[in-house]
1. Once you keep just the Cα pairs under 8 angstrom separated by 6 or more residues, what percentage relative contact order results for segment 629-676?
2. In percent, what relative contact order does segment 103-145 have, based on Cα pairs under 8 Å that are 6 or more apart in sequence?
3. Is segment 595-678 rounded, prolate or oblate when judged by the Cα gyration tensor, a ≥ b ≥ c being the square roots of its eigenvalues, rounded requiring a/c under 1.5 and prolate requiring a/b larger than b/c?
4. Which of the trypsin sites (Lys or Arg not before Pro) across segment 336-428 are loop residues per DSSP, with 13 or fewer other Cβ within 10 Å?
5. Taking square-rooted eigenvalues a ≥ b ≥ c of the alpha carbon gyration tensor, is segment 153-300 rounded, prolate or oblate, where a/c under 1.5 means rounded and, failing that, a/b exceeding b/c means prolate?
6. By count of other Cβ within 10 Å, fewest leading, how are 251, 621 ordered?
7. Going by C-beta contacts inside 10 Å, put 191, 598 in order with the fewest on the left.
8. Go through segment 550-596 and name the GluC sites (Glu not before Pro) that are in a DSSP coil and have 14 or fewer other Cβ atoms within 10 Å of their Cβ.
Amino acid sequence: MKFFATITILSVIFATSCKKNNSNISTLQQMKLSPPKADKIPKHLEKHGDVRIDDYYWLRDRDNEEVIDYLERENNYYDTITQHTDTFKKDLFQEMKSRIKEDDESVPYKLNGYFYITRYEKGKDYPIYTRKKGSLDAPEELLFDVNKMAAGHSYYQLRGLSVSPNNKLVTFGVDTVSRRKYTIYIKNLETGKILKESIPVTTGSATWANDNKTLFYTRKDEETLRADKIYKHTLGSNPEKDPLIYHEKDETFGTFVYKTKSKKYLVIGSYSTLTTEYRILLAHNPNGEFKVFQPRERGLEYNISHFGDAFYVLTNKDKATNFKLMKTSETKTKKENWKEVIPHREDVLLEGIEIFKDFMVVSERQNGLNKIHIRRWDGSNEYYLPFSSETYTAYPSQNPEFDTNVLRYRYNSLTTPASVIDFNMDTQEKTILKETEVLGGKFDKNNYEEKRIWATGRDGTKIPVSLVYRKGIKLDGTNPLLQYGYGSYGSTIDPYFSSVRLSLLDRGFIYAIAHIRGGEYLGRQWYENGKLLKKKNTFYDFIDVSKHLIKENYTSPEHLYAMGGSAGGLLMGAVVNMAPELYHGVVAAVPFVDVVTTMLDDSIPLTTGEYDEWGNPNEKEYYFYMKSYSPYDNVEAKTYPNMLVTTGLHDSQVQYWEPAKWVAKLRELKKDKNLLLLHINMEAGHGGASGRFEALKEVAREYAFLLDLEGKTE
């Protein structure tokens, strides 16, 4: 039996004027779906005596012509409904593009005697990679012109550049589909030719041993895309015969390989949400056997950095929730030999370290704010870099050189464009190498205000919120406000500058980042309290921030908008089910909305590796808890906000059918005439378009949707 829906676009009449707080669509007959009926209940949807009939399960069939036709009709519907904003979308795109310097290049960084530079040229979408030997005055050597390489491809992504120790060869990964399955190639930098051997279905990156002829790389499982195998390749050999070095058989783990900054060790890492494990091998002995550093123990997380005759271990050992730093010798690496260097602190999250010959740089987070702590190995001096704002982001960046007293870090805030800064750790002098230019002559950071406020959650928890807006606005409840959130995987959305965002701010929008539980903004416990059987805290926090912003007259339900992507799209789906009355419009990008079905299907990429994040629905308690918040399972016959949902046909992380099914079910049940639009990028995946400026068209689409709802289309 074939299952497909028909789409009928009825009369759509566009008004010539706009009424306050409403879209300038005066009459809208929404798209009608004839929902199919499944002929049987898919087996994996029967769990714990709870039968879930999924009427739109058929949309999973990517190879079915009728499914593709259905998705294309959704795009046609989107095009028809938003036709009146086509010129505005183009204007927004040009406006955002005009602020970005097209002829631009990165600050060079030095590695093994060469300065490496990434350059963009006017009118071109992709980067050009070059290097100079010994001095910035030396002749430029072209590594890759990705513009030429991408010619003829609708999608092209190059990543994972890895130069051999003798500087003569470079590996790189290419994806032309957007499924994050990269083919590794090797280029001879002396002749400019690509070697014949190529390695498909990898993560895209490779690691050289010190012999300049052996490299290690990670393959992905063809179906689930889990990075599960480490192989060794010798130049000139057939990749199909490469020996398997390590197989991560636990389906909840992934694996990777890298070389320590000291260049002494090759390292194979295995990771899951709660547990890590490492294996080490001397980089000059690639044919040796990797040795387990510390055997995995569920709940034990650690990272390793090599220096001198020791390893430094960042770990949560002994219930160090916010992590501590320990040290052990190269020869005695088991945890019983680890000695404490920096103790665990309840109010400070230890995020990472950078190793230099004379210094160790420690990245910390306290009360949500980034801190950079510099310590001399000899103990003669230690200090923090000074930062005064509460809405900034600062972190070490591109420090591959070991024997240097210069730390490179990046800084930006909600009102300050990103800067690349070199800091002399001996003299404590800093040099701003580059501040991102905002072209057009209209931007002045003094015209904007940034601040952090705190909302009180329903359980009494204080939730931080970062805000930015143009100075002079009145807090009278009439301001349009876009509230952004994520709240999963311990991923923190720090306050950052965006020249693109100016298109909203300059039209009167307030922009708010809700630092909700599920991220690590306030430390590791902030994450622990927003996952598994506490996942609803993430959604409650976002809703309670919205209520606070309304109560304090920053905005009102008629002007409040919400946005989130991927797991943040799950957030959007949950809050519109729980509190749809708070929002006038919502943008859900590549949303993870069919939680139960996806987590029950271990053939889908990322599923088994995320049981520790969401829970395993094969266990009854987790199944019913997931079902209680899963957006797709909780769509009801009620009023929903105006909504724009986006996805990509080749998305490897959140499959396109999740948002497609969700929209179909919303169309069937919702009791309103508000906009419900689905846009599918038929040529891209989770990250959207690959071109530098093509991605701006997607942002313009989202912004046009929001601004149109506010009647601001100029």
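1. So the answer I get is 56 percent.
2. Worked out over segment 103-145, it gives 30 percent.
3. It comes out oblate by the Cα gyration axes.
4. 357
5. Oblate shape, in that a/c is at least 1.5 and b/c is the bigger or equal ratio.
6. The most exposed by this proxy come first: 621, 251.
7. Listing 191, 598 from fewest to most nearby Cβ atoms yields 191, 598.
8. Those that pass, being in a loop and sparsely packed, are 552.
Just so you know, all these numbers are worked out from the coordinates, no wet-lab data involved. Only a predicted model underlies this, so the values are computations on that prediction, with no experimental measurement involved. Cβ atoms come from the backbone with ideal geometry, glycine included; neighbour counts cover every protein chain shown.
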